[in-house]
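Student: Have a look at this one.
The values are calculated or read from the model by the stated rules, or taken from the named source; none is laboratory data. Computed from a predicted structure; not experimentally measured. Every residue, glycine among them, receives a Cβ derived from its backbone with ideal geometry; neighbour counts consider all protein chains shown. Areas reflect the complete protein model, heavy atoms only, side chains present, ligands, DNA and RNA absent. Shrake-Rupley method; radii C 1.70, N 1.55, O 1.52, S 1.80 Å.
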Amino acid sequence: WGILRAIVHNLSWLAQRGLRARVGGNQFWYRVEGDARACRAPDVYLVEGVAPDARDRGVWKTWEGHSPAFALEVVSDDRKKDYTDAPADYDAMGTRELVLFDPSATPRSRKRLRWQVYRRVRGHGFVRVFAGNGDRVESAVLGCWIRLVDEAGNDRLRLATGPHGDTLVPTDAERAEDERKAKEAALARAEAAEAELARLRALLTR
């Protein structure tokens, strides 16, 4: 779960885009009324038209009018569940974009892929539009990139912007730290200016 925390909690990026949406993860989505087996629990999901601070539903039911516009799945030991079953399941749920991330894949993997992206394409249905082993992938729904980065020896998935995804989107914690540092710098400048003014006044007095 730690690898995804920066995405789940970075709601400020959605606000910057003017997107009213709820982001969450590890909650069950049921797609067939009366069939409890027809469900998925996305590692990360985004559902549009729901306020970010809306009351937690516990579970979601697609027949009640909501489908995940975006979903991200981290591939587990059960590779078939994610490589084969996930695309069909999310297609049935009406998902617009699915990103599969396989942390076990390497640039030299033959049977595993670090990234797979499925999107709903007019006239073609829900199809795979990208597969690769790089360190980043672009999300059409999120309007940014998803990058694999190393933070203090731990792998993390981060949002990034720019033509090639080179600029990381600050997390809420990083933004708060930047604001704190900016306030401290402004205070230091004000104190220095006050000290200089006092020095000049002392010179004039002499």
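Student: Would you mind checking the radius of gyration and Dmax of the chain based on alpha-carbon positions, in Å?
Tutor: Values for the chain (Cα only, Rg and Dmax): 22.7, 90 Å.
Student: What FRET efficiency comes out for the pair ARG37/GLU179, r = Cβ-Cβ distance, R0 = 41 Å, nearest 0.05?
Tutor: Step by step, r from the Cβ atoms, then E = 0.30.
Student: Give me the dipole magnitude in Debye, nearest 20, for the chain about the Cα centre, with unit charges on the beta carbon: positive for Lys and Arg, negative for Asp and Glu.
Tutor: For this selection, approximately 380 debye.
Student: Here's another thing I want to ask about it. Gain in length, ASP56 to GLU196, computed as 0.36 nm per residue apart minus the alpha-carbon separation, to one decimal in nm?
Tutor: Residue separation times 0.36 nm, minus the Cα-Cα distance, leaves 44.9 nm.
Student: Go ahead and estimate [θ] at 222 nm for the chain from helices alone: -39,500 (n - 2.57) per DSSP H run with n ≥ 4, summed, over the residue count, rounded to 500.
Tutor: Mean residue ellipticity, 222 nm, calculated: -8000 deg cm²/dmol.
Student: Considering amide H positions built from the backbone, and no H for Pro or chain starts, which residues 5 or more places from LYS61, or on another chain, come under 5 Å of its amide H?
Tutor: Here the answer is TYR30, since their amide H atoms fall under 5 Å of that of LYS61.
Student: Okay, moving on. Just the accessible area per residue of the chain, please: how many Å² with a 1.4 Å probe?
Tutor: Computed with neighbouring chains in place, this is 58 Å² per residue.
Student: On to the next question. Under the Karplus relation 6.51 cos²θ - 1.76 cosθ + 1.60, θ = phi - 60°, what is the ordered set of whole-Hz ³J(HN,Hα) values for region 117-134, x standing for Gly and Pro?
Tutor: 10, 10, 9, 7, 10, 4, x, 10, x, 9, 10, 6, 10, 7, 8, x, 10, x
Student: Which whole-Hz couplings ³J(HN,Hα) result when phi for each residue of region 78-89 is put into the Karplus expression 6.51 cos²θ - 1.76 cosθ + 1.60, θ = phi - 60°, listed in order with x for Gly and Pro?
Tutor: 7, 4, 4, 4, 9, 6, 9, 6, 4, x, 5, 5
Student: Treat every Asp and Glu Cβ in region 120-183 as -1 and every Lys and Arg Cβ as +1, leave all other atoms uncharged, and give the resulting dipole magnitude about the Cα centre to the nearest 20 debye.
Tutor: Dipole magnitude for region 120-183 comes out near 360 debye.
Student: Follow-up. Need the full-extension length gain, ARG17 to ARG79, defined as separation in residues times 0.36 nm minus the C-alpha distance. One decimal, nm.
Tutor: Going from the current span to full extension adds 18.9 nm.
Student: How tilted is helix 172-205 with respect to the longest principal axis of the chain? Cα atoms for both, answer in degrees (0 to 90, nearest 10).
Tutor: 10 degrees
Student: Would you mind telling me the share, in percent, of accessible area of the chain contributed by carbon and sulfur at probe 1.4 angstrom?
Tutor: C and S fraction of accessible area: 51 percent.
Student: Okay, moving on. In sequence order, what are the phi-derived ³J(HN,Hα) couplings for region 155-169 according to the Karplus relation 6.51 cos²θ - 1.76 cosθ + 1.60 with θ = phi - 60°, rounded to whole Hz, with x for glycine and proline?
Tutor: 3J(HN,Hα) across region 155-169, in whole Hz: 6, 9, 9, 10, 7, 8, 10, x, x, 10, x, 8, 9, 5, 6.
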